[in-house]
Amino acid sequence: MMDHLVETVETNSAPSRLVEERLDEIRRVMGKADDDPLRIVGVGAGAWGSVFIAMLQENYGKFRAKVSVRIWRRGGRAIDKSTAEHLFEVINSREELLRRLIRRCAYLKYVEARLGDRVLYADEILKDGFCLNMIETPLCPLKVVTNLQEAVWDADIVINGLPSTETFQVFNEISKYWKERVNAPVIISLAKGVEAEFEPHPRIVTPTQMIYRATGIPLENILYLGGPNIASEVYNKEYANARICGSEKWRKPLGKFLRQSHFIVWDNSDLITHEVMGGLKNVYAIGAGMVATLTKESATSKSVYFAHCTSEMIFITHLLAKEPEKLAGPLLADTYVTLLKGRNAWYGQKLAKGELSLEMGDSIKGKGMIQGVSAVKAFFELLNQSSLSLQHPEEGKPVTPAELCPILKMLYRILITREFSCEAILEALRDETMNDPRELIEIAHSHLFFQPWLLGQKP
């Protein structure tokens, strides 16, 4: 602990020289020649993906001969007039931002868009530092590329900022541009979601597995980064931490490279637990938002919900891994902040208030993809497969893992089959037959339901 504290204190006042030394170190690890810049590419421009690239640009972009930072997003996404009006208000409320746009001769187009005389596009405003999903948190100017091949073909480090629902499709396209490569790039996935497949047998597919399937990049070159953070707060330099998970070969040097004074990155070998938890927390965050709204922010109700949902999360991770990382420290904190303030919790609140409806879909204007919805479907349908049934240790009857997760089951019936309204989440929470969360955790620790093939592992 003291080693981490000392390094943090030193870094808070780190001069440009120390930042450059970190860049030189990762260039050395990656075998870059003196005249060959390290090429970092973000794929996907949601809130977290954009912030992550912006932080790298701010930290290392001044060393232009040594590093190139760019981000890919699809072109052609028009900005509607109400968003253009909001964007204009944000610009004019911040003198420094206003001056920056005037210096870049970029201000006039925002005036014209405000008046309805021209149309702005998402890739266009991103170049000026405006992420469509996070208008009120302007970023630094970014190099934006809309041609996927141009963006990734020579990348050394790729940051996956795509939703899990788009990861395989986009990386399958990327694989076409990497066929002639001699050295495989390193990929850091920020995606928090999972997909399910049922043939030839039921299994969960995580974003890092999707990337591996799509590209054939060695698994040791694919890592996951997650932690307790809200994108806008991290960019505004609120203190945050994260874990980069994967092979020791890459996680340690990359953890050091990504670390900043306000953004501490630790490394961990347990990629699977962190990635699955990244999907699970979004599932339960939707329910947390519903409970908060329906109980008028009752601290008691929210804490009861927290106890039950974390016990289900522990149970589910023990289905997939025999000794998963404990739900503590950054993993627990990541769950806490997502249930408290993430976009999935916001979505649950809006559904419960009646301000959003399920018919509007799970891609929401100003927020992007609500990944918890597809994750609810994936986890429940996978864990409800009859082929996974086992004898309940106390009741002596066959049950599927999903039957032991009443919160997950109710979220599925609210969000996916739409049998119930949001109020039903409280009925599930107040069910007098619901067991003590400790009992589900004990079942998890017994390894009775451990089924490694759910992640394609051998028993």
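The values are calculated or read from the model by the stated rules, or taken from the named source; none is laboratory data. A quick note: this is a predicted structure, and the numbers were derived from the prediction, not measured. With ideal geometry, Cβ positions are generated from the backbone for all residues, glycine too; neighbour counts draw on all protein chains shown. Heads up: the accessible areas ignore ligands, DNA and RNA and are worked out on the full protein's heavy atoms, side chains in. Shrake-Rupley method; radii C 1.70, N 1.55, O 1.52, S 1.80 Å.
Checking the conditions here, which among Ile125, Ile159 is open to solvent by less than 20 Å² (accessible area, probe 1.4 Å), touching a strand residue (DSSP E or B) at 6+ places or on another chain (Cβ under 6 Å) and at negative phi?
Ile159
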Qualifying position, being aliphatic (A, V, I, L, M), open to solvent by 10 Å² or more (accessible area, probe 1.4 Å) and under 21 Å from Pro207 (Cα atoms), among Leu320, Leu271, Leu280: Leu271
Hits in the range 262-275 (condition: hydrophobic (A, V, I, L, M, F, W, C) and modelled with pLDDT of 90 or more): Phe263, Ile264, Val265, Trp266, Leu271
Subset of the range 369-426 that is open to solvent by 20 Å² or more (accessible area, probe 1.4 Å) and of a type in the set (Ser, Thr, Tyr) - its residue that is farthest from Phe449 (Cα to Cα): Ser421
Output for the range 136-162, where each listed residue is within 18 Å of Arg104 (Cβ to Cβ) and out of contact with any Phe, Trp or Tyr (no Cβ under 8 Å at 6 or more places or on another chain): Cys140, Pro141, Leu142, Lys143
Subset of the range 267-308 [of a type outside the set (Asp, Glu), more than 20 Å from Arg343 (Cα to Cα) and in contact (Cβ under 8 Å) with a residue 12 or more places away in the chain]: Asn268, Ser269, Leu271, Ile272, Thr273, Ser301, Val304, Ala307, His308
Helices (runs of 4 or more DSSP H) enclosed by the range 310-418 - at least 3 residues per element that are under 30 Å from Cys131 (Cα atoms) and in contact (Cβ under 8 Å) with a residue 40 or more places away in the chain: 329-341, 343-353, 371-383
Tally of residues being polar (S, T, N, Q) and touching a residue at least 60 places away in the same chain (Cβ under 8 Å) across the range 69-90: 1
Any hit, the range 270-293, residues being under 30 Å from Ile187 (Cβ atoms), out of contact with any Leu (no Cβ under 6 Å at 6 or more places or on another chain), acidic (Asp, Glu) and outside any helix (DSSP H, G or I): yes
Scope the range 183-204; condition in contact with a helix residue (DSSP H, G or I) (Cβ under 9 Å, 6 or more places away or on another chain), open to solvent by 10 Å² or more (accessible area, probe 1.4 Å) and within 27 Å of Asn384 (Cβ to Cβ); matching residues: Lys192, Glu195, Ala196, Glu197, Phe198, His201, Pro202, Arg203
Residue in the range 227-246 that is open to solvent by less than 10 Å² (accessible area, probe 1.4 Å), modelled with pLDDT under 90 and touching a strand residue (DSSP E or B) at 6+ places or on another chain (Cβ under 7 Å) present: yes
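I'd like to verify a number: residues in the range 14-66 that are of a type in the set (A, V, I, L, M) and more than 30 Å from Ser164 (Cα to Cα), how many?
Residues of the range 14-66 that are of a type in the set (A, V, I, L, M), as a first pass: 14, 18-19, 23, 26, 29-30, 33, 38, 40-41, 43, 45, 47, 51, 53-56, 65.
Among the residues that remain, those that are also more than 30 Å from Ser164 (Cα to Cα) are: 14, 18-19, 33, 65.
Residues that pass the stated criteria total 5.
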Residue identified as basic (Lys, Arg) and closer than 25 Å to Leu320 by Cβ among Arg438, Arg430: Arg438
Positions within the range 67-99 being buried (at least 17 other Cβ atoms within 10 Å of the Cβ) and either of a type outside the set (A, V, I, L, M, F, W, C) or assigned to a loop (DSSP other than H, G, I, E, B) (or both), in sequence order: Ser68, Arg70, Arg73, Ile79, Thr83
Neighbours by Cβ (under 6 Å, 6+ apart or cross-chain): first from the range 30-42, under 16 Å from Lys256 (Cβ atoms); second among the basic types (Lys, Arg) and open to solvent by 30 Å² or more (accessible area, probe 1.4 Å): Leu38/Lys32
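Specify the residue that is least open to solvent (accessible area, probe 1.4 Å); the eligible residues are those in the range 108-122 that are assigned to a helix (DSSP H, G or I) and out of contact with any Lys or Arg (no Cβ under 9 Å at 6 or more places or on another chain). Outline the logic, then answer.
Initial filter on the range 108-122 (assigned to a helix (DSSP H, G or I)): 108-115, 122.
From what's left, out of contact with any Lys or Arg (no Cβ under 9 Å at 6 or more places or on another chain): 108, 110-111, 115.
Working: Leu108: 111, Tyr110: 4, Val111: 37, Leu115: 113 Å².
Once the filter is applied, the top-ranked residue is Tyr110.
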Ile40 assigned to a helix (DSSP H, G or I) and at pLDDT 95 or above: no
Residue that is closer than 26 Å to Gly227 by Cβ, modelled with pLDDT of 85 or more, surrounded by 13 or more Cβ atoms within 10 Å (Cβ to Cβ) and under 21 Å from the mean Cα position of the chain (by Cα), where the choices are Leu340, Leu327, Leu331: Leu340
Breaking point among (1) open to solvent by 70 Å² or more (accessible area, probe 1.4 Å); (2) assigned to a helix (DSSP H, G or I), for Glu166: (1)
Residue match in the range 215-224 (condition: modelled with pLDDT under 90 and surrounded by 23 or more Cβ atoms within 10 Å (Cβ to Cβ)): no
Residue within the range 432-439 that is buried (at least 17 other Cβ atoms within 10 Å of the Cβ) and over 24 Å from the mean Cα position of the chain (by Cα) present: yes
Strands (runs of 3 or more DSSP E) contained entirely in the range 185-250, each with at least 1 residues that are of a type in the set (D, E, K, R): 195-197, 203-205, 240-245
